[in-house]
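In what follows, a structure is listed as structure tokens, so that the remarks can point back to it.
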Amino acid sequence: DVKKTAATYRANLIIAEKILTKEVTFSKLLTDTGAIMPQNTVLANLTLATTTTVSANSKPGALQLAARTKSYDDALRLKESLESSPLYSDVHLLQVAKPEKPADRGLEALYPFQATYNVILDTSVIGASSWASYPYPLVI
């Protein structure tokens with residue numbers, strides 16, 4: 001267990017070093033993404049992919065974005081908003097799902113639909129050269 005914990009810690013240090021040396025501005029990415037989110041949508045998860053994650057065909061700047069929405073139409077509006085933004089290109093709506101049994105409280109109750117998108121981020125917009133060389137996926 002100690003070796004496994006040490007390996008995880010070492011991997012996290014490598015990620016931190018790469019982030020700091022590349023000057024990736026994640027706060028700008030998050031606020032810029034939040035600014036283009038239409039009404040009735042919230043960002044739930046953002047995974048920054050590398051060429052070794054997602055698939056062998058991943059492109060630099062590949063992201064998987066998960067959002068909660070109030071309706072299926074809101075998920076489509078979010079796709080349109082992502083497509084029209086200078087931040088993103090190659091936007092694909094992978095799925096929109098609503099649980100059979102809705103939650104009675106919390107975020108899932110307010111935004112019952114879960115939408116997942118694959119997008120390509122224009123890293124120059126947020127001041128990052130690229131994270132395609134990162135050895136691990138980064139989840140925000």
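The values are calculated or read from the model by the stated rules, or taken from the named source; none is laboratory data. All figures in this text were calculated on a predicted structure; none of them were measured in a lab. Every residue, glycine among them, receives a Cβ derived from its backbone with ideal geometry; neighbour counts consider all protein chains shown. Note: areas computed on protein heavy atoms with side chains; ligands, DNA, RNA excluded. Shrake-Rupley method; radii C 1.70, N 1.55, O 1.52, S 1.80 Å.
Couple of notes before you dig in:
- Condition check for T69: at pLDDT 90 or above, farther than 12 Å from A115 by Cβ and open to solvent by less than 40 Å² (accessible area, probe 1.4 Å): no
- Residue that is farthest from D73 (Cα to Cα) [pool: residues in region 1-57 that are part of a loop (DSSP other than H, G, I, E, B) and modelled with pLDDT of 80 or more]: D1
- Within region 88-113, being touching a Ser or Thr at 6+ places or on another chain (Cβ under 7 Å) and either acidic (D, E) or within 20 Å of G34 (Cβ to Cβ) (or both) holds for Y111, F113.
- Within region 78-107, if we keep just the residues that are in a helix (DSSP H, G or I) and modelled with pLDDT of 90 or more, the residue that is nearest to R68 (Cα to Cα) turns out to be L78.
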